[in-house]
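Note sheet for the following structure.
The values are calculated or read from the model by the stated rules, or taken from the named source; none is laboratory data. Keep in mind that what you see is a predicted model, and the values were worked out from it rather than measured. In this analysis, Cβ positions are derived from the backbone assuming ideal geometry, glycine residues included, and neighbour counts consider all displayed protein chains. Side chains included, ligands, DNA and RNA excluded: accessible areas come from the protein's heavy atoms. Shrake-Rupley method; radii C 1.70, N 1.55, O 1.52, S 1.80 Å.
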Amino acid sequence: MCRRRMTLVAVVAVGGVSCGGSDTAHDAPPGPSESAAQPTTTAPPSVTAAPVVATFDPEGCPESTRAAVADKAKQRYWLCRDGQAVTDEIPMTTASSNYGLPPVGTYDVFARDETAVAVNGEPLERFVAFYTTARGNRIAFHEVVDQDPATVGDLDQRGSSAGCFRVREADSVQVWNFLQVGDPVVIISN
């Protein structure tokens with residue numbers, strides 16, 4: 001099967017909002033009006049026709065323009081375009097299966113913060129939020145913090161996150177440039 005490689009070209013910046021904190025007084029995802037900075041819009045990233053040979057059999061890609069699929073049991077995710085994987089599996093570190101957030105299901109990206117702030121005050125770079133807990137904590141893809149980037153995706157590191165999907169720096173740039181507000185994130189395992 002022929003796969004396509006993506007070209008990263010667009011960046012959308014939205015001001016920082018607390019991550020993992022309970023500063024949101026409601027369960028609904030915060031809208032752009034709750035952001036500190038004004039959003040900057042650019043054209044969505046383009047995809048070239050160059051073939052990508054996947055080393056795995058991707059599943060779960062929805063028939064949408066852009067999407068991400070996450071397999072928390074394997075600590076891997078991949079990006080999709082028009083129902084086809086456009087990346088190989090990419091490592092991530094998530095919460096333990098006991099914590100279970102976010103559960104299996106499909107969620108839409110509702111916020112993109114160039115920098116968000118964790119409950120403990122740490123900056124979280126390229127924060128792409130797609131799930132909100134009952135307490136108002138936002139769950140997102142973001143650059144890894146407090147973990148050796150070489151261990152991202154190591155099953156022994158699972159549980160190092162409180163729910164977010166920690167990824168290596170280059171991978172956080174890729175996710176940031178690819179996923180836009182409204183794009184689905186499909187969770188296929190706990």
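Packing around the peptides 146-152, 109-115, taken as the average count of other Cβ atoms within 10 Å per residue, puts them in this order, highest first: 109-115, 146-152. Using only the C-alpha atoms, the convex hull of the range 103-170 corresponds to 103 Å³ per residue.
For the range 55-121, the normalised intensity computed at q = 0.16, 0.17 Å⁻¹ comes to -0.66, -0.74 (log10 of I(q)/I(0), Debye sum over alpha carbons, equal scatterers, no solvent). Can you pull the one-decimal nm distance between simple spin-label points at Ser96 and Glu169, each 7 Å off the Cα toward Cβ? About 3.1 nm, to one decimal. Here, the range 54-190 yields an orientationally averaged convex hull projection of 7.4 nm² when only Cα atoms define the hull. Stretching the chain fully between Glu122 and Asp88 yields a gain of 9.3 nm (0.36 nm per residue, less the alpha carbon separation).
What a 1.4 Å probe finds exposed on the range 67-190 is 47% carbon and sulfur by accessible area, rounded to a whole percent.
Each residue was assigned an accessible area with a 1.4 Å probe, and for Arg138 the value is about 0 Å². Stretched out straight at 0.36 nm per residue, the stretch from Ile188 to Val145 would grow longer than its current Cα-Cα span by 13.0 nm.
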